[in-house]
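The values are calculated or read from the model by the stated rules, or taken from the named source; none is laboratory data. Please read these numbers as outputs of a predicted model, since none were measured by experiment. In this analysis, Cβ positions are derived from the backbone assuming ideal geometry, glycine residues included, and neighbour counts consider all displayed protein chains.
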Amino acid sequence: MTKVLILGAHGATAQLVAQRLLDETDDELVLFLRNAVRLANLGQNARVTLIDGDVQDQAALTDAMTGVDIVYSNVGGTDLAKSTKAIIAAMTAAKRTRLIFLQCLGCPTRGTR
């Protein structure tokens, strides 16, 4: 069984990924987000661990990465460079090497061109 850490787990794409992983695999998910209560419905699943944290908190990220096989980042925002540095530093500290990084910065949203 693979253990996947999803950073920015409340994002729309991250929620789609989490649901597909739950529906189509036997993977365990660690969902890392600010205000984890927003995904309380997923927290009822025995394969899901919710972590309330800040993606720029390297120590919290390192702890969250313990025992995971893959880190999937769906983070964005105006401090993306700072967040990315924290993610990479935490991965190095936790000796994690597999990263999927999805970023849609600048992508048009519905109703815009």
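Assorted remarks:
- Residue under evaluation residue 40, criteria (1) crowded, with 19+ Cβ neighbours inside 10 Å; (2) more than 13 Å from the chain's Cα centre (by Cα), criterion not met: (1)
- When residues in segment 3-23 are screened for being in a helix (DSSP H, G or I) and among the aliphatic types (A, V, I, L, M), 7 of them pass.
- If the condition is being in a helix (DSSP H, G or I) and more than 18 Å from residue 62 (Cα to Cα), then segment 26-42 contributes 37, 38, 39, 40, 41, 42.
- Segment 95-113, subset touching a strand residue (DSSP E or B) at 6+ places or on another chain (Cβ under 9 Å) and aliphatic (A, V, I, L, M), residue modelled with the lowest pLDDT: 102
- Some residue of segment 9-16 being over 14 Å from the mean Cα position of the chain (by Cα) and free of Cβ contacts under 8 Å to residues at least 24 places away in the same chain: no
- When residues of segment 49-78 are limited to those that are outside any loop (DSSP other than H, G, I, E, B), touching a residue at least 60 places away in the same chain (Cβ under 8 Å) and buried (at least 20 other Cβ atoms within 10 Å of the Cβ), the one farthest from the chain's Cα centre (by Cα): 71
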